[in-house]
Amino acid sequence: MKRPVPTIKEIAKRLNISVSTVSRALHNHHSIGLRTKTRVQELAKELNYEPNQTAIFFKQGKTFTIGVILPNLSESFFSSAISGIEDFAKTKKYNVLVGQSHDDEQTEKQLVEAMKTHRVDGMLLSVAKNTRDYSHFDMLRKYEIPLVFFDSIPKKQDIHYVACNLENGMSNAIHFLVKRGHRNIALINGPQTIIASKERLEAYKDALARKRIKIDARYIISTDLSAVDTHKAMEELLALKRRPTAIITFNDYVALDAMQFAKRNGVVLNEDISFVSFANLPICHYMENPPLASVEQFPYEQGNKAAGILWDLLDNPDKTNQEYQKEILESKLVIHNREPQHPSILQA
């Protein structure tokens, strides 16, 4: 038979002392004599007694755990963000509970509910691309659980968040390509319903306008970010009489899928068509033909700073629904591969 878990009551009964005396002795309280402390601690060790953390947390009103919900841990962007969160949490002696929404709204809602039920002290969240209803976020206020968003954020004003300046990143990408002679620049964007896609599209249009380049609607294609949809997007672009000489993609994964399709169809990568992407995956640095450049969005820093904001809210509960903290990081264009200057591009 499984041996019952030893409790403070059992120690008190064996030593014929009160439960409160045992509790104080285990915590080295100054009111308990050395002899009693020694007897209690020796018996606790003999019985392999461990404190009931649930009871302790209930008494303190904290679990010292934060919940993190993100689309997919297999993406290096989010694994880097988690590292930033965990590194900060470690300095505050907090545990991190992680859940993956897999970009599904219902899964995201279930995870929020589960973490609320398990009494996490606060949450960090990157919104799933398919999320339309934000009621599960608003619900957390009722339970006084602070929430901080990072990277993918909902279109709401009354939230705390950390994000990267996508407008600046897109502007730098367009400038980089135009400087190398490109004027036929396409955009393979993400789903139209997510904020990041809308921000990229507006920034793309603004950047082209500043360069006095006419916007061609045929060069703008939205995808669901899957390889199949990206291949369809490339098929459309390659079928154009006037093909783009450069393509900016929603992220590195889309870039890699687009480049794979282009290569299969006889396109010389970064010569016939140049590619620039967002995110700057570590794998790009080891590829023979990576995107020409990537917009670094600093996932580690986003996660770390979001955890810092959450800690501030936990430490100062009155701030949760009064002073909304919003931090924007500046992106950086990272060049992977220098493009040869071809007359055909310069004349395009």
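For Lys13, the lysines whose Cα comes closer than 20 Å to its Cα, not counting residues fewer than 8 places off in the same chain, are Lys37, Lys45. Computed over the chain, relative contact order equals 18 percent, with contacts defined as Cα pairs under 8 Å that lie 6+ residues apart.
For the chain, the spread of Cα coordinates along the three principal axes comes to 94, 41, 34 Å, biggest extent given first. Can you list the chymotrypsin sites (Phe, Trp or Tyr not before Pro) in region 241-340 that are in a DSSP coil and have 16 or fewer other beta carbons within 10 angstrom? Those that pass, being in a loop and sparsely packed, are Tyr324. Helices in the chain, meaning DSSP H runs of at least 4 residues, each add -39500 (n - 2.57). Divided by all residues, the mean residue ellipticity at 222 nm is -13000 deg cm²/dmol. Pairs from the table (Lys179/Lys205; Lys92/Lys129; Lys129/Lys155; Lys62/Lys326) lying more than 20 angstrom apart at Cα are Lys92/Lys129; Lys62/Lys326. Taking max minus min of the alpha-carbon positions on each principal axis, region 1-142 gives extents of 62, 35, 27 Å, largest first. You can think of it this way: the chain between Glu330 and Tyr143 has 63.9 nm of extra reach, that is 0.36 nm per residue less the Cα-Cα gap. Here the Debye sum runs over all C-alpha atoms of region 199-279 as equal scatterers in vacuum, and log10 of I(q)/I(0) at q = 0.12, 0.17, 0.20 Å⁻¹ comes out as -0.32, -0.66, -0.93. Between Lys232 and His27, the C-beta separation translates, for a Förster distance of 56 Å, into a calculated FRET efficiency of about 0.30. Taking the DSSP bridge list for the chain and keeping only pairs wholly inside it, about 10 percent are antiparallel. When the alpha carbon coordinates of region 181-332 are projected onto the principal axes, the ranges are 60, 35, 28 Å, largest first. Label separation (Lys263 vs Ser20): 7.4 nm, computed from points 7 Å beyond Cα along the C-beta direction. Extension gain for the segment Phe64 to Ser79, taken as residue separation times 0.36 nm less the Cα-Cα distance, is 3.2 nm to one decimal.
Throughout, read-outs are computed from the coordinates displayed, never taken from laboratory work. The model shown is predicted, which means the values in this text are computed figures rather than measured ones. Reconstructed Cβ throughout: ideal geometry from the backbone, glycine too, with neighbour counts over all protein chains shown.
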